[in-house]
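**Q** Sharing a structure here in structure tokens format.
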Amino acid sequence: MTQHLAAPAAHTTETRTDWWRGAVIYQVYPRSFADGNGDGMGDLAGIRGRLPYLRDLGVDAVWLSPFYASPQADAGYDVADYRAIDPMFGTLLDADAVIRDAHELGLRIIVDLVPNHSSDQHDWFRRALAEGPGSPLRERYHFHPGKGADGELPPNDWESIFGGPAWTRVPDGDWYLHLFAPEQPDFNWEHPAVRDEFRSILRFWLDMGVDGFRVDVAHGLVKAAGLPDIGSADQLKLLGNDVMPFFDQDGVHAIYRSWRQVLQEYAGDRILVAEAWTPTVERSAYYVRPDEMHQAFNFQYLGTSWDAAGLRAVIDASLAAMRPVDAPATWVLSNHDVTRHATRLANPPGLGTQLRTAGDRALGLRRARAATLLMLALPGSAYLYQGEELGLPDVTDLPDAVRQDPSFHRADGQDGFRDGCRVPIPWTTEGSSYGFGTGGSWLPQPTGWGELSVQAQTGDPGSTLELYRSALALRRARPGLGAGRAVEWLDAPEGVLAFAREGFVCTVNTTAAAVRLPAPGRVLLVGGDDGVETAEGTVTLPADTTVWWAV
Ligand code: TEU
């Protein structure tokens, strides 16, 4: 159940509330949210200044992508020191101020934890390299001799998620494993020092007062014994469909059980959220058994196209998968790794989640608004990504020269378009970087970005921002919406979804034509095309439109 408390989590003696079961959680990507010191890069001071905006938007919690000390080879997902803030983002005092201010505003703070790999500049890795083959420190990573007469071939055939081999050879001849960029060596989670270190890192941030952790690549920590070959030429196509020897191994669950015990030592209902790209929602359910994590991202939902039958199937499967483990379903449409949903839905279905084509922007925005209202009417917890409340499209035409996504460069520009959703967001209609900061922005913002700004949309009843504010206020007024485990499907024509919740009905027209239906009640909110007409007990639902009804 969604609850709003004046002073959540740490710094209080609050008892457990299960606040997270129906929470709306807003992802802040620190580089691109707000720049407090005018260097063109977002930071903690910028975030702190905008916390009242997030409180007024009506979210329950804020998840911060990594702000730790990092050489930024993968935008901070390459951590050199898990207990320090990168100077580009501020200091530990700034982090403390963000956490305290958030709590005073009634917002919870979830931080990103990156346990699968460190940076190659992490102290352990640098020392392991310096000490040479056979050093005990090398056992904390996956260092191995190569194959072939002179060890010139990698130890196995695994490919990096970012393209190219998953192994890099160091000058003394050993190879090390990196499922992502070469600057991101994978930890060896069989090693007790790695396990101890991460429990200690959890405690460090729990002592700082955070309300939870989003666990990066939660499915990747444990590798199949012996690191067996995959034996396929096209490994990246298998990802997400097949069980890989480096993903979703059963051994990961013991780690999360031990982390849950650490969280249990703390007051205030802190949570663990799995970023686990599993083949099915049923596999995701294993991560949220009662003694493991609290939530797992629902990437199956994110990947479903704008089609009533497909959406109904994934909603049913998600709710059914979570029921036996008593975890809330979660829903997400956008994050920092995928093309924004306003642009995905502007394109034909089946193109995946990394697009470089703008598509039909008006269509994409209409569908995005309808898709968001559908998501926010479902039982469970919903994740929003900064800027989606402004209806921002992905910036699909960034020049190659400004792109920083390491996967773009490793895949020769054929993949890795994640910079498009990471462009700093517009706060004001005019001015330097449209209110992002006073010193420009680390990725160029498109012309016209100011028309999409918070300032431009505030008070405009037809704006996407006001739609989000209204939706979140209604959700807050009806805690039953985020609670529960089921929806009651109602009869609806092909291409239309209709379901009932307590005192509430949601109707979604995913087709390109208006549809006439019996009106279920009184219109609460419309997302999509505003031309909803009700007459004599019937309603005409425009194309690509969701309506919330009070019944
Ligand atoms: O993402 C994990 C992951 O599997 C994604 O990399 C996804 O498959 C990819 O973005 C598609 O190109 C997490 C973080 O969210 C991502 O930003 C990091 O790059 C990655 O881990 C490595 O830490």
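Just so it is clear, none of the values below were taken in a lab; they were calculated from the coordinates. These figures come from a predicted structure and were not determined experimentally. Glycine also receives a Cβ, built like all others from the backbone with ideal geometry; neighbour counts cover every protein chain displayed.
**Q** Kindly provide the set of residues from the range 114-141 that are of a type outside the set (S, T, N, Q), within 16 Å of the ligand (Cβ to nearest atom) and within 14 Å of VAL194 (Cα to Cα), ordered by number. Write out each step before concluding.
**A** Initially, the range 114-141 is screened for residues of a type outside the set (S, T, N, Q), giving 114-115, 117, 120, 122-134, 136-141.
Of the ones still in play, those that are also within 16 Å of the ligand (Cβ to nearest atom) are 114-115, 117, 120, 122, 125, 141.
Those that are of a type outside the set (S, T, N, Q), within 16 Å of the ligand (Cβ to nearest atom) and within 14 Å of VAL194 (Cα to Cα): VAL114, PRO115, HIS117, HIS122, PHE125, TYR141.
**Q** Under the condition of being within 11 Å of the ligand (Cβ to nearest atom) and part of a helix (DSSP H, G or I), which residue from the range 394-410 is surrounded by the most Cβ atoms within 10 Å (Cβ to Cβ)?
**A** Looking at residues that are within 11 Å of the ligand (Cβ to nearest atom) and part of a helix (DSSP H, G or I), I get PRO406.
**Q** What tally of residues in the range 36-72 results from selecting those that are within 19 Å of the chain's Cα centre (by Cα), within 16 Å of the ligand (Cβ to nearest atom) and surrounded by fewer than 20 Cβ atoms within 10 Å (Cβ to Cβ)?
**A** 1
**Q** Evaluate the following for ARG344: is it of a type in the set (Lys, Arg), buried (at least 24 other Cβ atoms within 10 Å of the Cβ) and either under 23 Å from the mean Cα position of the chain (by Cα) or on the phi > 0 side of the Ramachandran plot (or both)?
**A** Criteria met by ARG344.
**Q** Moving on. How many residues are of a type outside the set (Phe, Trp, Tyr), assigned to a loop (DSSP other than H, G, I, E, B) and within 14 Å of the ligand (Cβ to nearest atom) when one looks only at the range 417-430?
**A** So the answer is 1.
**Q** With PRO290, PRO349, PRO328, PRO324 as the choices, which residue is under 24 Å from CYS421 (Cβ atoms) and in contact (Cβ under 8 Å) with a residue 12 or more places away in the chain?
**A** Being under 24 Å from CYS421 (Cβ atoms) and in contact (Cβ under 8 Å) with a residue 12 or more places away in the chain holds for just one of PRO290, PRO349, PRO328, PRO324, which is PRO349.
**Q** Only one of (1) surrounded by fewer than 22 Cβ atoms within 10 Å (Cβ to Cβ); (2) in a helix (DSSP H, G or I) is not met by GLN414, so which one is it?
**A** GLN414 satisfies every listed condition except (2).
**Q** So which helices (runs of 4 or more DSSP H) are wholly in the range 215-298 and hold at least 1 residues that are farther than 19 Å from ASP18 by Cβ and away from the ligand (no atom under 16 Å from the Cβ)?
**A** The qualifying helices (runs of 4 or more DSSP H) are 252-264, 281-285.
**Q** Quick test of your reading of the structure: SER200 fulfils all but one of (1) part of a loop (DSSP other than H, G, I, E, B); (2) polar (S, T, N, Q); (3) surrounded by fewer than 18 Cβ atoms within 10 Å (Cβ to Cβ). Name the failing condition by number.
**A** (1)
**Q** Still on this structure, I have one more. Restricting attention to the range 365-376, does a residue exist that is closer than 27 Å to PRO328 by Cα and assigned to a loop (DSSP other than H, G, I, E, B)?
**A** no
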